[in-house]
Amino acid sequence: MTPKLPVSVLVVVHTAGGDVLLLERAARPGFWQSITGSLDRMDEPLADAARRELREETGIVAHPESLRRWDLAYTFEIYPQWQQRFAPGTTHNTEHVFSFQLRARVPVVLCPSEHTASRWLPWKEAAAACFSWSNRDAILILGEQLT
């Protein structure tokens with residue numbers, strides 16, 4: 001298996017009214033998150049990776065102009081339970097933040113190997129439900145921009 005690259009995207013999907021889509025990880029029941037994923041190759045454009053992950057994880061197709069790239073990236077230590085997915089000695093990941101706004105909540109088509117459930121929550125509740133601090137902080141920033 002090819003090791004994952006330590007560069008990823010986070011896509012916060014939300015409505016104009018501030019509802020945020022969260023997905024429950026298949027490998028970790030109770031772990032809720034926005035859309036995330038690593039680049040497939042180092043030269044893959046970040047926006048392409050964000051659109052790919054959004055489509056793979058939810059079935060939502062985003063046109064390039066509808067995806068908003070934030071001027072924000074988080075670098076964090078990779079959780080021990082996921083370090084085996086990366087090359088030996090890789091301890092940190094850099095995550096680039098994007099958002100995608102919908103007019104209203106939409107049903108999603110999950111990739112069952114990655115996620116078992118989805119739910120829409122008001123942004124404050126969504127932030128509180130995230131296991132990842134970077135995801136939580138991105139949702140809080142988004143919520144402040146929407147109010």
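What are the residues in region 95-120 that are surrounded by fewer than 17 Cβ atoms within 10 Å (Cβ to Cβ) and small (Gly, Ala, Ser), if any?
Within region 95-120, 104, 113, 117 qualify.
Name every residue in region 72-82 that is open to solvent by 20 Å² or more (accessible area, probe 1.4 Å) and in contact with a strand residue (DSSP E or B) (Cβ under 9 Å, 6 or more places away or on another chain), in order of residue number.
72, 73, 74, 75, 76, 77, 82, listed by residue number.
Cβ-Cβ below 6 Å, separation at least six or inter-chain, first residue in region 118-144 and without any contact (Cβ under 8 Å) to a residue 12 or more places away in the chain and under 14 Å from residue 11 (Cα atoms), second open to solvent by less than 70 Å² (accessible area, probe 1.4 Å) and in a helix (DSSP H, G or I): which pairs?
Short answer, once both residue conditions are applied: 136/127.
Restricting attention to region 39-56, and to residues there that are touching a residue at least 40 places away in the same chain (Cβ under 8 Å) and buried (at least 19 other Cβ atoms within 10 Å of the Cβ), which single residue is farthest from residue 75 (Cα to Cα)?
The qualifying residue farthest from residue 75 (Cα to Cα) is 54.
The values are calculated or read from the model by the stated rules, or taken from the named source; none is laboratory data. Note that the structure is a prediction, hence the values are computed from the model and not measured. Every residue, glycine as well, gets a Cβ built from its backbone with ideal geometry; the counts of neighbours run over all protein chains shown. Just the protein is used for accessible areas: all its heavy atoms, side chains included, with ligands, DNA and RNA removed. Shrake-Rupley method; radii C 1.70, N 1.55, O 1.52, S 1.80 Å.
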